[in-house]
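Taken together, the values in this text are just the output of simple stated rules run on the coordinates, not laboratory data. A quick note: this is a predicted structure, and the numbers were derived from the prediction, not measured. Every residue, glycine among them, receives a Cβ derived from its backbone with ideal geometry; neighbour counts consider all protein chains shown.
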Amino acid sequence: MHAGLLGIEEMDRAEIETILARAKDFQPIQSQSLKKLDTLRGKMIVNLFYEASTRTRTSFEIAAKRLGADAVSITASGSSVSKGESLVDTLNTLAAMRPDAIVMRHAASGAPHFLARHLPAPIINAGDGTHEHPTQALLDARTILDRRPALEGLRVAIIGDIAHSRVARSNVHLLAKFGVEIVLCGPASLLPVELAQLAPGVHLTTDIREAIREADVIMMLRVQLERQHEASFPASEYFRFYGLQLEHLDLAKPDAIVMHPGPINRGRELSSEVADFQRSVILNQVENGIAVRMAVLERVIG
Amino acid sequence: MPIVIKNGRVIDPASQTDRVADVLIVDGRIAGVAPNLASPKAEIFDATGMIVAPGFIDMHVHLREPGFEHAETIESGSRAAAAGGFTSVCCMPNTKPVNDSAMVTSYIVERARRLGVVNVFPIGAITKGSGGEELSAIGAMKAAGAVAISDDGLPVMNARVMRRAMEFARSYDLPVIQHCEDLNLSAGGDMHEGAQSVRWGLRGIPAASEDVMVARDLVLAQLTGARYHVAHISTRNAVAMVDYARRGGLAVTCEATPHHFALSDDRMAAYDSNYKMKPPLRSVCDRGAVVDGIAAGTVSAIATDHAPHPGSEKMQEFERCPFGIIGLETAIALALEELVAPGRITLNRMVELFTTGPDAVVRLGRGTLSPGAPGDVTVFSTEVSWTYDVNESHSRSRNSPFHGRTFRGGPVATVVNGEFVWRRDGA
């Protein structure tokens, strides 16, 4: 890994495998009574969140602390970020504090790439607009690998608002590097045909049943129709056509798992029964988030 | 002092001239084109091995004055024009205040007369404040010097207003220049809608947003009989529709920018706002259609859409950066490299696209070396090797995707109204 972690697209398979293996080493630590290491003692990590995020921010904070690093979190409200200071000015100020890494979440696609061109500190992308969310894809892969011997040959369905999903993009890039068959599914207005060119092995469908058929993994995306710039799909009938329900699971492989990056909307993208389904691994994803982010921080800073 | 430009290959499409000759300019006007011309006390410029052409016209620039002088002024922009081999520019009305009245038009004409390095011709706004609703004082602006009307940067979305504008423009014999973009289709978009925008998670501006507006306007042009010009054409369908309208006898023209014939969305640097403009860099297929349209004669003019923005505005998140790039200093080199060198057009055709082509639209009475014509001459070379350093630009702004590119061919000297206003170092 070079300076930071901006996206999965630029990473090669070996790099990804190294991080996933290291994350596995960190998994037992999560359940020990003494959870703290001193790998990154004396290092300072700034979590810069321009967009509300409890889960990802907390996960990065915990990961940093378990490695012994000092973590400072700055969110858009309550800092000069909300006073109209430009991105460059804010980051110059932060850079002067000489952090060892900046973890950044921003609503604009490419914002971390822009900063990486102008700042010496390594930048870890914690989600940029509708572009990438690399650590989410890494923790999703870790979660799948906890239940499957390999990613090769799996069939993964990703269902929801694909057009606006950074989680989907990062997962597509990661899974494609391992030869996974990927089916992207959503309403046509949220499923641009160009997605098929994103990576090898990607298929598109607007039919949720077709997407789920013979799937090993079903990834549901959070759908926020009300936050979109236009009415891409009538919110009132979203669940009827694209919500995951128990009966759908009969179409998938018998041991198929259900994933979701959270926070879930019960009754919107999945039914309550599915959320509580025994093969739903949503909480395992959260747990793996910390292990994977420890591996990423260690690799970027260590 | 008279000027003799000696031994260049003189290309003047207006008089169907293409031969090695001298060009004599006396009292600010072309006095003759012939071999072995001499004049006592004349300043001699040796153009051996170079092309000598009528002064190039850029019918689409933004000089930002009045109102945005931190980005560009009439003086700095016209200096950049001179360094790019242009002798005349037409400036769009999206200044502050908008050039929607004879008063603003006169102000620009007067400022340009005092400070302009090249000839500056204002384009008036179609609607007041370019708000798209109420027509501006078109006749008065023409009387004050406006050579066309346009709400460039914004399209006239209301078809009824556009119809009336075309009717008025026809009665004043002014061309109507449209920035073709259906704002509902392009809303929120930052780059061409395609594989690249989907990959980068940036909102797209579909080619359809241009196509829909061109189609509507061509219908209105037929209805009104107006002279109608599509600014910065960028899509395959738009080129095809303009071609269709021209074959049908409508007074329809279009221009293409160097960036739209030289670049496509697959050539963008990720999230680099120096590649952000409207219309956006389109697909490889659209770019090919623009080049084909230039070669086939559907496109009448090359225009830069020189759009300066200061660094502070371009140093932001991609989606917050303003649209537009500067282009005056790189236009000739790009035309030579992307169109002439690969054999898509001849040098003669290239000169047309910079002279008689735009002049037929905005009717400046320039773009020719006929005796008595204004003494505007562009001297350029197909051989000179040079590297574009945007930090050395005469523009006040630095937003160019061509920074650092080494070109073969470019302008060498620029003569405006009988005086050298720019020479390449060493020329």
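At a glance:
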quantity	calculated
Cα-based shape type of region B:55-362, given that a ≥ b ≥ c are square roots of the gyration tensor eigenvalues and the cut on a/c is 1.5	rounded
Percent antiparallel among DSSP beta bridges (both partners in the protein assembly as shown, rounded to 5)	35 percent
Two-site FRET efficiency, B:LYS41 against B:SER312, from Cβ-Cβ distance with R₀ of 56 Å, rounded to 0.05	0.70
Amide H within-cut-off set for B:GLY367, under 5 Å, with H built and near neighbours excluded	B:GLY55
Residues B:THR235, A:THR90 arranged by fewest to most Cβ contacts within 10 Å	A:THR90, B:THR235
Interchain or long-range residues, amide H under 5 Å from B:HIS192's placed H	B:ILE205, B:LEU281
Across A:LYS43/B:LYS276; A:LYS177/A:LYS253; B:LYS142/B:LYS278; B:LYS128/B:LYS276; A:LYS36/A:LYS177, pairs whose alpha-carbon gap is larger than 31 Å	A:LYS43/B:LYS276; A:LYS36/A:LYS177
Helix B:74-83 vs. chain B, principal-axis angle (Cα, 0 to 90°, nearest 10)	60 degrees
For B:PHE407, distant residues with modelled amide H under 5 Å away	B:TRP386, B:THR387, B:TYR388
Mean ellipticity per residue at 222 nm, deg cm²/dmol - from DSSP H runs of n ≥ 4 across the protein assembly as shown, formula -39500 (n - 2.57)	-9000 deg cm²/dmol
Using θ = phi - 60° and Karplus 6.51 cos²θ - 1.76 cosθ + 1.60, couplings along region A:172-188 (whole Hz; Gly, Pro as x)	4, 4, 5, 5, 5, 5, 10, x, 7, 7, 10, 10, 9, 9, x, x, 3
Residue-by-residue Karplus 3J(HN,Hα) for region A:200-213, coefficients 6.51, -1.76, 1.60, Hz, glycine and proline x	x, x, 9, 10, 10, 8, 9, 10, 4, 5, 5, 5, 7, 3
Prolate/oblate/rounded label for region B:76-186 (Cα gyration tensor, a/c 1.5)	prolate
Linear extension gain, B:MET157 paired with B:VAL219, 0.36 nm per residue minus alpha-carbon span	20.9 nm
Least to most buried among A:SER33, A:SER272, A:SER73 (fewest other Cβ within 10 Å first)	A:SER33, A:SER272, A:SER73
Between 0 and 90°, nearest 10: helix A:134-145 axis offset from chain A longest Cα axis	50 degrees
Sum of side-chain charges, A:GLN197 neighbourhood, beta-carbon under 15 Å (Lys, Arg +1; Asp, Glu -1)	-3
Efficiency of FRET from Cβ geometry, A:ALA96 and B:ASP27, R₀ 51 Å, rounded to 0.05	0.25
Additional length obtainable on full extension of the chain from B:SER15 to B:SER370, 0.36 nm per residue less Cα span	127.1 nm
Fewest-first ranking of A:LEU67, B:LEU364, A:LEU184, using other Cβ atoms within 10 Å as the exposure measure	B:LEU364, A:LEU67, A:LEU184
Contour minus Cα-Cα distance for A:ALA196 and A:LYS24 (0.36 nm per residue)	58.8 nm
Table column - 3J(HN,Hα) (Hz), region B:221-235, Karplus curve with 6.51, -1.76, 1.60, x for Gly and Pro	5, 5, 5, 9, x, 6, 7, 10, 10, 8, 6, 5, 5, 9, 10
Helix A:55-66 axis, angle to chain A major axis (alpha carbon atoms, nearest 10°)	50 degrees
For chain B, share of DSSP beta bridges that run antiparallel, in % to the nearest 5	55 percent
Euclidean distance of C-alpha centroids, region B:236-311 and region B:336-391, integer Å	18 Å
Global form of region A:148-280, assessed from the alpha-carbon gyration tensor, a/c cut-off 1.5	oblate
